[in-house]
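Asker: Structure in structure tokens, see below.
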């Protein structure tokens, strides 16, 4: 009897903008390892990221069982792939759907079956146990005869569910997908390595797919994790521009994470990789989390991350979240500054009880506190979250529209699919007009305080008693009775049009637009659709010729008679520094020193909390140094991306090179 042929897919879109945002399918590796460990030679397992390769393989060798991972960024792609499989094989092949988008709530599970009528099984929670139980019944010829622990299916219009599993799985019994060879195929090319060291989030945020899970915080064996990281570092050492991403929900929550962080740093020093590591630290920012962030400070993309999301007390209650105190925030930022580590926060607009005014005040407050990076997000309704359930939506009158996810669209075997995010654009407490205003403000705050575009300038004008919100509103809505550069007006018009046209009333309307765009571009995705990064990169590389003059004119307009010759001279220096500090990846070169009369580096060390005029010193030359390691990363990036048009190229530089400070010269006196 031949082995049971199993195919697992974590499907992604492959195009010029997504190809470097792909990650190794460690999730599938865990399922494969547990399944193979349980059944040995009774099964063969193949793993796929590319839907076309998956379909080609099924044409050569019909599978006996297919398992697909469902996320909000591949929902439509899974639907299209399943449609093709059913047309090819009929019902004679069980299809299993798992992943964080599968809710543990039975009514939501039934709704998911209606959206995926051709799927046989859903596996909520962590997937190893449920999938193994499905395979066991398949091998025994007993599928659909009895409930299956860790899985659900529909029979006679009724949901059939076994015992809930998947939140207490013993991770010490799951081998490493990397060390067992399951990731070998994905260690080449464009895939970036993903590593999970522990599972479960103890926090219950209603907007997050992890918030619904109540289980036990568990960890993989530490020696296995360290061996994995060493193995990956040796495999990727020739790709310094690739990032090691830890997929833990709260890295630094366990004491042993300190040892893992030390090992990552050791690989960085001894092997030369990773040059960058991305992770979300524990939201409570405990002593352990602080130590982890401190160890990885020099290569940590996020720096010290305090994801506040909101500080509206009613909103925090509605989303079941407790933030750290204002005193703890200030102390953490002070610590990060002393360690020369970036302080990052993430905010969400659209949460229940949040208003336009409360969010705008939070934006200003986040900057004045000294956060180096302020990342503003729109509230998304994600399948698998408490917030997605009808009662929650109704209670808070959450009104939504749909927005395409980047360039996650295309054709597979002639079937078109496009991914979408469901965005909250109004509620009991804010209007659609409020949403549009905050959308524009968020873009400029994101540019200044996440992309660090002209950040010296924005921090300087704060001490001129100019509201950043007021400045941003004037920049987006200039007085058209005045003469402005045509390129500036065209840019602003393009930004506004993009923000309005990114929203759709229905998924069908969105998909029709994406399909039309795809065909008009000759079966290509066209320009980037991650608008904040796209328009932010343009401010630096393709719009800078008018930007400084426009910024100065808006300051002159806002200050009126208070605008002085001294301010004008200082602004010239600040704007010139903002322009010169960025490296052009196409033409990295030596930059002429800049004569300055203020201690900019000391000002930055103080988190810009003083007036720049208090930082005057004897005139010196500011030097712009191209760091050797940054130059190597940029060189490798340029080799991979040089074929793109300018706008696509510079967008990709901002989107891919992490941390983005690698795109800046090192400043020295």
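Asker: Quick one: in the stretch 269-293, of everything that is more than 21 Å from residue 202 (Cβ to Cβ) and surrounded by 17 or more Cβ atoms within 10 Å (Cβ to Cβ), which residue is nearest to the chain's Cα centre (by Cα)?
Answerer: Result: 278.
Asker: Against the definition (in contact with a strand residue (DSSP E or B) (Cβ under 9 Å, 6 or more places away or on another chain) and closer than 30 Å to residue 652 by Cα), how does residue 106 come out, yes or no?
Answerer: In short, no.
Asker: Now for a separate question. Hey, residue 101 hits all of (1) more than 31 Å from the chain's Cα centre (by Cα); (2) closer than 26 Å to residue 530 by Cα but one; which does it fall short on?
Answerer: (1)
Asker: Could you please find all residues in the stretch 345-362 being crowded, with 23+ Cβ neighbours inside 10 Å and assigned to a helix (DSSP H, G or I)?
Answerer: Matches in the stretch 345-362: 359 only.
Asker: When the stretch 391-405 is examined, which residues are found to be more than 24 Å from the chain's Cα centre (by Cα), touching a residue at least 24 places away in the same chain (Cβ under 8 Å) and closer than 23 Å to residue 508 by Cβ?
Answerer: None - no residue of the stretch 391-405 is more than 24 Å from the chain's Cα centre (by Cα), touching a residue at least 24 places away in the same chain (Cβ under 8 Å) and closer than 23 Å to residue 508 by Cβ, so the list stays empty.
Asker: Ok, one more. Which ones in the stretch 504-541 are out of contact with any strand residue (DSSP E or B) (no Cβ under 9 Å at 6 or more places or on another chain) and closer than 19 Å to residue 585 by Cα?
Answerer: Those that are out of contact with any strand residue (DSSP E or B) (no Cβ under 9 Å at 6 or more places or on another chain) and closer than 19 Å to residue 585 by Cα: 533, 534, 535, 536, 537, 538, 539.
Asker: Give the number of residues within the stretch 160-187 that are within 34 Å of the chain's Cα centre (by Cα), over 19 Å from residue 43 (Cβ atoms) and not in a loop (DSSP other than H, G, I, E, B).
Answerer: The number of residues fulfilling the criteria is 4.
A quick yes/no check of all residues on (1) modelled with pLDDT of 95 or more; (2) surrounded by 14 or more Cβ atoms within 10 Å (Cβ to Cβ); (3) farther than 23 Å from residue 545 by Cα:
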site: 565; (1), (2), (3): yes, no, no
site: 568; (1), (2), (3): yes, no, no
site: 572; (1), (2), (3): yes, no, no
site: 580; (1), (2), (3): yes, yes, no
site: 588; (1), (2), (3): no, yes, no
site: 591; (1), (2), (3): no, yes, no
site: 596; (1), (2), (3): yes, yes, no
site: 607; (1), (2), (3): no, yes, yes
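Asker: Please identify the pairs in which a residue from the stretch 496-525 that is touching a residue at least 40 places away in the same chain (Cβ under 8 Å) has its Cβ atom under 6 Å from the Cβ atom of a residue that is surrounded by 15 or more Cβ atoms within 10 Å (Cβ to Cβ) and part of a helix (DSSP H, G or I), counting only partners at least 6 apart or on another chain.
Answerer: From residues that are touching a residue at least 40 places away in the same chain (Cβ under 8 Å), the pairs are 499/439; 504/510.
Asker: Inspect the stretch 427-437 for any residue being in contact with a strand residue (DSSP E or B) (Cβ under 7 Å, 6 or more places away or on another chain), in contact (Cβ under 8 Å) with a residue 40 or more places away in the chain, buried (at least 19 other Cβ atoms within 10 Å of the Cβ) and under 20 Å from residue 308 (Cα atoms) and give the result as yes or no.
Answerer: yes
Asker: Go through the stretch 1-35 and give me each residue that's in a strand (DSSP E or B), closer than 27 Å to residue 140 by Cβ and in contact with a helix residue (DSSP H, G or I) (Cβ under 9 Å, 6 or more places away or on another chain).
Answerer: 4, 6, 7, 8, 9
Asker: Just to be sure, is residue 154 in contact (Cβ under 8 Å) with a residue 40 or more places away in the chain, touching a helix residue (DSSP H, G or I) at 6+ places or on another chain (Cβ under 9 Å) and in a helix (DSSP H, G or I)?
Answerer: Answer is no for this residue.
Asker: Please find, among 365, 393, the residue that is surrounded by fewer than 19 Cβ atoms within 10 Å (Cβ to Cβ), outside any loop (DSSP other than H, G, I, E, B) and touching a strand residue (DSSP E or B) at 6+ places or on another chain (Cβ under 9 Å).
Answerer: It is 393.
Asker: Looking only at the stretch 403-412, decide whether some residue is touching a helix residue (DSSP H, G or I) at 6+ places or on another chain (Cβ under 7 Å) and part of a loop (DSSP other than H, G, I, E, B).
Answerer: Within the stretch 403-412, not a single residue is touching a helix residue (DSSP H, G or I) at 6+ places or on another chain (Cβ under 7 Å) and part of a loop (DSSP other than H, G, I, E, B).
Asker: Of the conditions (1) farther than 26 Å from residue 311 by Cβ; (2) within 18 Å of the chain's Cα centre (by Cα), residue 411 clears all except one; give me its number.
Answerer: The single condition residue 411 does not satisfy is (2).
Asker: Also, I was wondering about something else. Tell me the residue from 453, 424 that is touching a residue at least 24 places away in the same chain (Cβ under 8 Å) and over 30 Å from residue 552 (Cβ atoms), please.
Answerer: 424
Asker: Take residue 612 and decide whether it is over 29 Å from residue 238 (Cα atoms), exposed (fewer than 14 other Cβ atoms within 10 Å of the Cβ), modelled with pLDDT of 95 or more and in contact with a strand residue (DSSP E or B) (Cβ under 9 Å, 6 or more places away or on another chain).
Answerer: So residue 612 does not fit the description; no.
Asker: For the condition outside any helix (DSSP H, G or I), touching a residue at least 24 places away in the same chain (Cβ under 8 Å) and closer than 25 Å to residue 446 by Cβ, what is the one hit in 595, 644, 571, 601?
Answerer: Exactly one residue qualifies, and that residue is 644.
Asker: Any idea how many residues of the stretch 209-229 are surrounded by fewer than 18 Cβ atoms within 10 Å (Cβ to Cβ), touching a helix residue (DSSP H, G or I) at 6+ places or on another chain (Cβ under 7 Å) and part of a helix (DSSP H, G or I)?
Answerer: Qualifying residue count, the stretch 209-229: 1.
The values are calculated or read from the model by the stated rules, or taken from the named source; none is laboratory data. Just so we're clear, the structure is a prediction, and the values are computed from it rather than from any experiment. Ideal geometry is used to build each Cβ from the backbone, glycine not excepted, and the neighbour counts take in all protein chains shown.
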